[in-house]
1. Report Rg(Cα)/(2.2 N^0.38 Å) for region 113-258, keeping two decimals.
2. Show me 220-231, 135-146 ranked by packing, highest mean number of other Cβ atoms within 10 Å first.
3. Using a simple charge model, +1 on the beta-carbon of Lys and Arg, -1 on the beta-carbon of Asp and Glu, nothing else, what dipole does the chain show about its Cα centre, in debye to the nearest 20?
4. Taking springs between alpha-carbon atoms closer than 10 angstrom, which of 150, 110, 39 fluctuates most in the Gaussian network model of the chain?
5. Under Stokes-Einstein, with the Kirkwood radius over Cα pairs standing in for Rh, what whole-number D in µm²/s applies to the chain at 4 °C and 1.567 mPa s?
6. With a 10 Å Cβ neighbour count serving as the proxy for reagent exposure, in which order, fewest first, do 160, 12, 106, 124 appear?
7. Using only Cα atoms, find the angle between the long axis of helix 22-33 and the longest principal axis of the chain, and express it within 0 to 90 degrees, rounded to the nearest 10.
8. With springs connecting C-alpha atoms under 10 Å apart, model the chain as a Gaussian network and identify which of 185, 103, 157 has the largest mean-square fluctuation.
Amino acid sequence: MTTQSEGRLDGKVAVITGGASGIGEATARLFASEGARVLIADRNAERGPEVASQIGARFIETDVRSGEDVQAMFAAADEAWGRIDVIYNNAGVGPNEDNVRDCPEKTFDLVYDVNIRGVWLGMKYGIPHLERAGGGSIIATASVAGLVGLSGIAAYCASKGAVIAMVRAAAGEWASSGIRINCICPGGIATGQGWLPEERIEQTRRDWASLHPLGRSGEAIDIANAALFLASDASGYITGQQLVVDGGWTGPDSRYDTLTGRDWTQL
């Protein structure tokens, strides 16, 4: 007799920001399939309810830059299910910046407010809910851009580096309360944060394949799988870490092979 295995998030309540598209949508779908009760929070009041309806989740329109919105987001999850176990602070922006001299102040402010303030608010107002639940997992989406310098997106790099540092600090503050806090550093994800027009996704996927030693662009599900691990009890002894999911981009330095003329694919 075959018995169906339990989902890895059975009994858990998860709040996912930026859950209407890209990485957030893939994660919401995966979490729901693993037994979680999911609240999708997003500014997209058209796509968000559609995704939520498809997976049996709930949706709340949320601007992560607003403390009031973030508090309302957590209150909605608590009212619906009486607890919160997982918070995925995934919402982010990556607009065209230009170089540091020519980047408009309003662009810098947008990147700062969404990518740093949004994650901070998600921790500030989410931690009390996890405390009441006796612990839980907080995840943030950082980026390999927070680990290396990428020309033309200095503000984005700085914001993601700040997320990594904030996660480390907060993890130390709340470890004794059973709250684990980690982040994920994606490489090039073609479906990214939902900012790529549909007609450019396939070309971007092909362009980014050459950046990654594994020979392909990352997909939203690659990051969702990492988030599932950090949300589940399987990562119960991990906190204050950045999980790099980048197809080897920041691992081996491909310039060495170019300098030596070696092609390891021909061995």
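1. 1.11
2. So the order, starting with the most tightly packed, is 135-146, 220-231.
3. With only Lys, Arg, Asp and Glu charged at Cβ, the dipole is about 480 debye.
4. Maximum among the listed residues: 150.
5. Answer from the Stokes-Einstein relation: 68 µm²/s.
6. Ordered by Cβ neighbours within 10 Å, fewest first: 106, 124, 12, 160.
7. Roughly 40 degrees, rounded to the nearest 10.
8. 103
Values quoted throughout were computed directly from the atomic coordinates according to the rules given, and no laboratory measurement underlies them. These numbers come from a predicted model, not from an experiment. Here Cβ is always computed from backbone atoms with ideal geometry, including for glycine, and neighbour counts include all displayed protein chains.
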